[in-house]
Every structure is written in C-alpha cells, then in structure tokens.
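Q: Could you have a look at this structure, given as structure tokens, before my questions?
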Amino acid sequence: MADASNPFAAGLPTLDGGRVRLRAVRPADDADLLAVFEDPAHLRYWSHGPLDDLDAARRYREGIEANARDRALFQWAITEPADDRMIGSATLGAWNRQNRRADVGFILRPDRVGRGLASDAVRTLIRFGIDGMDLHRVEADVDPANTGSIRLLERLGFVREGYFRERWFTFGSWKDSAMYGLLAADFDG
Ligand SMILES: CC(C)(COP(=O)(O)OP(=O)(O)OC[C@H]1O[C@@H](n2cnc3c(N)ncnc32)[C@H](O)[C@@H]1OP(=O)(O)O)[C@@H](O)C(=O)NCCC(=O)NCCS
C-alpha cells in the first residue's frame, strides 16, 4: 500500500489492474497520446476539444506533468502490459484531503473501446484512491447522453446524485452534467 501521508512522494505510482496497467505519461507516449485525443467525435462528451498534432500532444503531456507537480490533477496513462503502450488515460482530480474526496475521469483510444479495459482501469484507480489516498468518496461529472460512461460508472457502484444544468460550454453549446458519486464503503472492486 502507498504511504497515505503522501502517496505521491515517489511520483505517480504504477498500478496494476487485472488487464491494464496505469503508469505515468512519458515523452515517448506523445504519438499514442495524440491517438487517444485526436478524434472530435470521440471527444464529444469531453471537457476540451481534440489535439491537432504531435506538437499539441507534447504540450498537453507537459501540462499533465505540471498538474501532477502542482497536485491539481493526477493523470495516468492506461496501457496493456504486453507492450506497455498508452491506450487511454485515467485521472483523479479535485483532491480534497480534509474531506477525503476526489473526482475521476477516463478515456480510451477509440479502437480499444468495448472490451472492458476502461472499467478495469477505473476500478484499479479507485482501489488506489481508497487504499492509497484514503478517499472516502469519489465523484464523476458526466454528460447525461454519455451512455457508455454511465454504464461503466454504475457497474462500479456509482449512484446518480444530482443533475446540474448547462455546466459546460463545449463545442459551441451548453452541456448539462449528471453528477455521480461512490462511497468507499460501497466499493467492492
Ligand atoms: C467512456 C469509455 C471510456 C467507455 O469505454 P468502454 O470500453 O465502453 O468501457 P468498459 O471498459 O466499461 O467496457 C464495457 C464494454 O466492453 C464490453 N466487454 C467486452 N469484453 C469485456 C470484458 N472482458 N469485461 C468487461 N466488459 C467487456 C462490455 O460488454 C461493454 O460493452 P457495452 O458498453 O456495449 O455494454 C469510452 O467510451 C470512451 O473513451 N469515451 C470517450 C471519452 C469519454 O466520454 N469519457 C468519459 C467522460 S466522463
């Protein structure tokens, strides 16, 4: 188990799930990072638009590293252990230590969707959140039309707790948020 007083003392820990690995993003991942974040249709429920090219991927990766240093957002690469190449990304953000909560985010490269890999990644991340970061509660903010994401969250025990209207302005229009929550006591992953 990670040191609960500072689970990031040695950087972003590598986490092994049943089928995927979560590890720090590296410069060598830039092309794979672009493949995860370049398709506008795949990002239609995401909080930002697509990356245009390799240079944008490099800047995005540098932002990931800065966010981890600032403890603003912890973003892991999702890989398959056989080749350890980045096939997606999973995040824990808005970490509130006093109230022991954080929010979760996740995305897979389009050609890896539909195999249960994202569920394995998020389950692994939540297990670390509870055991390593001592979280009491994990939250998720989802576009109500994002049925794949909602299925994943509900499979892991998340419950819909609220509905916020017009919370995001993305792709030229206002988007609502369905707010999901999971209590550590209800997690059996
Ligand atoms: C959200 C997202 C990560 C879900 O990916 P996913 O692969 O569908 O999620 P899971 O890992 O839970 O896989 C579940 C699917 O794999 C199928 N599957 C196949 N083999 C499986 C296995 N061995 N174990 C579990 N599920 C398996 C399931 O039947 C299920 O299919 P279904 O959704 O048609 O019922 C993906 O759609 C995505 O990247 N979307 C874009 C980014 C985004 O919107 N992120 C969420 C923001 S809140």
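Q: Residue check: is Ala24 open to solvent by 30 Å² or more (accessible area, probe 1.4 Å), in contact with a Leu (Cβ under 6 Å, 6 or more places away or on another chain) and in contact (Cβ under 8 Å) with a residue 40 or more places away in the chain?
A: Against the criterion (open to solvent by 30 Å² or more (accessible area, probe 1.4 Å), in contact with a Leu (Cβ under 6 Å, 6 or more places away or on another chain) and in contact (Cβ under 8 Å) with a residue 40 or more places away in the chain), Ala24 qualifies.
Q: Can I ask one more? Can you name the residue in segment 90-102 that is charged (D, E, K, R) and either touching a Cys at 6+ places or on another chain (Cβ under 8 Å) or part of a loop (DSSP other than H, G, I, E, B) (or both) and, of all such residues, is farthest from Ala121 (Cα to Cα)?
A: Among residues in segment 90-102 that are charged (D, E, K, R) and either touching a Cys at 6+ places or on another chain (Cβ under 8 Å) or part of a loop (DSSP other than H, G, I, E, B) (or both), the one farthest from Ala121 (Cα to Cα) is Arg97.
Q: Just the residues that are of a type outside the set (A, V, I, L, M, F, W, C) and within 12 Å of Leu182 (Cβ to Cβ), please, taken from segment 117-158. Steps first, answer last, please.
A: Quick first cut of segment 117-158, residues of a type outside the set (A, V, I, L, M, F, W, C) only: 119-120, 123-124, 127, 129, 131-132, 134, 136-137, 139, 141, 143-144, 146-149, 151, 154-155, 157.
Passing the criteria: Arg123, Arg127, Gly129, His136, Arg137, Glu139, Glu154, Arg155, Gly157.
Q: Next question. When you go through (1) closer than 23 Å to Phe37 by Cβ; (2) open to solvent by less than 50 Å² (accessible area, probe 1.4 Å); (3) modelled with pLDDT of 95 or more one by one for Thr170, which number turns out not to apply?
A: (3)
Q: Follow-up question, since we're still on this one. Give the residues of segment 88-106 that are β-branched (Val, Ile, Thr) and surrounded by fewer than 21 Cβ atoms within 10 Å (Cβ to Cβ), sorted by residue number.
A: Matches in segment 88-106: Thr91 only.
Q: Can you tell which of Ile107, Ile87 is within 20 Å of Asp32 (Cα to Cα), part of a strand (DSSP E or B), more than 9 Å from the ligand (Cβ to nearest atom) and at pLDDT 95 or above? If you could, list the steps in order and put the result at the bottom.
A: Details: Ile107 fails: more than 9 Å from the ligand (Cβ to nearest atom).
Of Ile107, Ile87, the one residue that is within 20 Å of Asp32 (Cα to Cα), part of a strand (DSSP E or B), more than 9 Å from the ligand (Cβ to nearest atom) and at pLDDT 95 or above is Ile87.
Q: Still on this structure: Tally the residues that are of a type in the set (A, V, I, L, M, F, W, C), free of Cβ contacts under 8 Å to residues at least 40 places away in the same chain and open to solvent by less than 70 Å² (accessible area, probe 1.4 Å), restricting the search to segment 44-69.
A: Summing the residues that are of a type in the set (A, V, I, L, M, F, W, C), free of Cβ contacts under 8 Å to residues at least 40 places away in the same chain and open to solvent by less than 70 Å² (accessible area, probe 1.4 Å) in segment 44-69 gives 5.
Q: Quick check on segment 170-181. Is at least one of its residues out of contact with any strand residue (DSSP E or B) (no Cβ under 6 Å at 6 or more places or on another chain), assigned to a strand (DSSP E or B), among the polar types (S, T, N, Q) and over 30 Å from Asn6 (Cα atoms)?
A: Yes, because at least one residue in segment 170-181 is out of contact with any strand residue (DSSP E or B) (no Cβ under 6 Å at 6 or more places or on another chain), assigned to a strand (DSSP E or B), among the polar types (S, T, N, Q) and over 30 Å from Asn6 (Cα atoms).
Q: Out of the residues in segment 131-167 that are open to solvent by 30 Å² or more (accessible area, probe 1.4 Å) and polar (S, T, N, Q), which is nearest to the ligand (Cβ to nearest atom)?
A: Among residues in segment 131-167 that are open to solvent by 30 Å² or more (accessible area, probe 1.4 Å) and polar (S, T, N, Q), the one nearest to the ligand (Cβ to nearest atom) is Asn146.
The values are calculated or read from the model by the stated rules, or taken from the named source; none is laboratory data. Only a predicted model underlies this, so the values are computations on that prediction, with no experimental measurement involved. Ideal geometry is used to build each Cβ from the backbone, glycine not excepted, and the neighbour counts take in all protein chains shown. Note: areas computed on protein heavy atoms with side chains; ligands, DNA, RNA excluded. Shrake-Rupley method; radii C 1.70, N 1.55, O 1.52, S 1.80 Å.
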